[in-house]
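Please treat every number below as a calculation from the coordinates, not as lab data. What you see is a predicted model, and the numbers here were worked out from it, not measured in a lab. Using ideal geometry, Cβ is built from the backbone for each residue, glycine included, and neighbour counts are taken over all protein chains shown.
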Amino acid sequence: MNANTMTLKSYLTAIILFTITLIIAVSGGLMVFVTKQTYLDGVSQRGIELAKVLANDGHVIQATQRSNQGTFESIRDYIETIRSKTDASYIVVTNKNGIRLSHPEQERVGETFIGEDIQATLKQGLTRTTVATGSLGSAIRNFAPIQMNDQVIGAVSIGYLNQSITDLLFNYYLEAILWLGFIYISAIVLTLSLLSKLKRTFLEYEPEEIVQRFKEHSLLLGSIREGIIAIDRQHKITAINDAASYWLAPDQDHEKLIGLPLEELSQGLSLLIVDSLSNRNKHSITLGRHDFAASLYPLNDQSTDSGYLIVLNHEQDMSELEQELARTTAYAHQLRAKTHEHNNKLNVISGLLQAGKTQAAIDYLQQESDLHQNMLGALVKSIENSPVAGMLLSKYNYASEHQIAFTLDEDSQLKNYDQSVNDDLISLIGNLLENAFYAAQNNPNAQASTDVFISDRTNFLMITVEDSGLGVDEKIAQRIFDLGISSKPDSSQHGVGLYLVSRIVKRYNGSLDWERSDANTTVFSVYLDKRELEP
């Protein structure tokens, strides 16, 4: 990979570490603010309560009253004994003139209290908290009035020095920082462990490499001629290649088959899985019109949900090349026979002309072309749809060569449609005619004949094909429109025509029926709503 490209692990590590750091930083800031605010509120509340208690202490009240009357009395020892049992930095008691009766420092007893914030308590009797600087430094100062007979005779000040508060809060902060550091390190360890697990799960591949591997996997599966199907323990399809999709569901995109139960596509394969259990087995199975060798491989990967891999190999008596060669050879023989037939007819015409029997030659030519002209005339008159007309003419030629009477009803009519619709009509009519020709040729009790009627005069397109064959075998009568079902001996090469016809009819929301008539003929009828044929 490019050295400048950040790997998945590095990218996720950077994002997660940044997120964790941001969360820890914000949490730490909020914690500092809330802790400080909470502590300061607690200090203020405790200071006010302690000041009120001392302001109501009889010893304090009496000493303050005597000081106001001119008899100064230090109560430092008494107050300091109380202060030592609290977390207050200092406790100062003053008379109504602000003269200290107590102070942590002995030499400052008898001096005036420093700070105007005490005046509101001495003059108005207010209980309050302030932040100010006194003789001991900046502090949170809580004041409560000392009263006698509803008169303010002094004040109690409970102080908490900022430096002492800061030192105390630092201890809280230090403990909190240690906890946050532990959480931060733990989060990093867990993140690295998760990323390591993620990398092992991805087999050490980066996302770009995974995408590339997936494309290669899809290309590899698509290029394999054998059918490949992977299923999980619940027998649901997890992967399938184009070959298997074509054999099992030719009318569906193989991507849409992912997640479907295998039994919906093939009961036979599903039963093979059940029979095979966890053993590797190879079986022969027929799917539609194809015979396959099905190899089953259990997947026992400990890290994933186990399942099975099915490999389908097409069993054929001849290879595809041999079959193609056989078809080409048969076509060449047919061309040679046709050439020989035309040479014979040309020799007849040449002999008549050389003998001077011109009229006889003309009559011979006229006889040969009358049948073709009649069919061409019927096509030109009735069938405006040129592609379908061309197909019907080719079928007529085939019928003539194989001594099958082919009749296009003179009341037929078919206009032109879009190319996609024309292609479907050609496939539909062509397959019906091929089946009719085969059925007519294989009835030794009647002259081979096929009649066709096509009409789109009304709101519906109606197509009927009637043949003089023996009819549909009762054994397959209920399944003749299924893929691979055929009455022909070599079913591996047939069983597709009527299936394609039924799919086309269903695509246009039409109907497809067949019946055995009183005249011992078989009639296939198709009805299509013309609105479905319009673009």
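Some observations on this one:
- With neighbour counts taken as other beta-carbon atoms within 10 Å, the residues Leu101, Leu533 rank, fewest first, as Leu533, Leu101.
- Once C-alpha pairs closer than 8 Å and six or more residues apart are averaged by separation and normalised to the residue number of the range 12-168, the relative contact order reads 23 percent.
- Ascending count of other beta-carbon atoms within 10 Å, so fewest first, for Thr522, Thr458: Thr458, Thr522
- If the segment from Leu299 to Tyr11 were pulled out straight at 0.36 nm per residue, it would be longer than the present Cα-Cα gap by 100.3 nm.
- The stretch between Glu515 and Thr358 holds 51.4 nm of extra length on full extension. This uses 0.36 nm per residue minus the Cα-Cα distance.
- Cross-link pairs exceeding 23 Å in C-alpha to C-alpha distance, out of Lys236/Lys475; Lys357/Lys395; Lys52/Lys85; Lys256/Lys506; Lys506/Lys530; Lys256/Lys475, comprise Lys236/Lys475; Lys357/Lys395; Lys256/Lys475.
- Ordering Met391, Met31 from the fewest to the most neighbouring beta carbons within 10 Å gives Met31, Met391.
- Extension gain (nm, one decimal) between Leu126 and Ser525, 0.36 nm per residue minus Cα-Cα: 132.8 nm
- Summarising the label geometry, the points placed 7 Å from Cα in the beta-carbon direction at Gln419 and Asp473 lie 4.0 nm from one another.
- The trypsin sites (Lys or Arg not before Pro) of the range 404-487 meeting both criteria, a DSSP state outside H, G, I, E and B (loop) and at most 14 other C-beta atoms within 10 angstrom of the site's C-beta, are Lys415, Arg457, Lys475.
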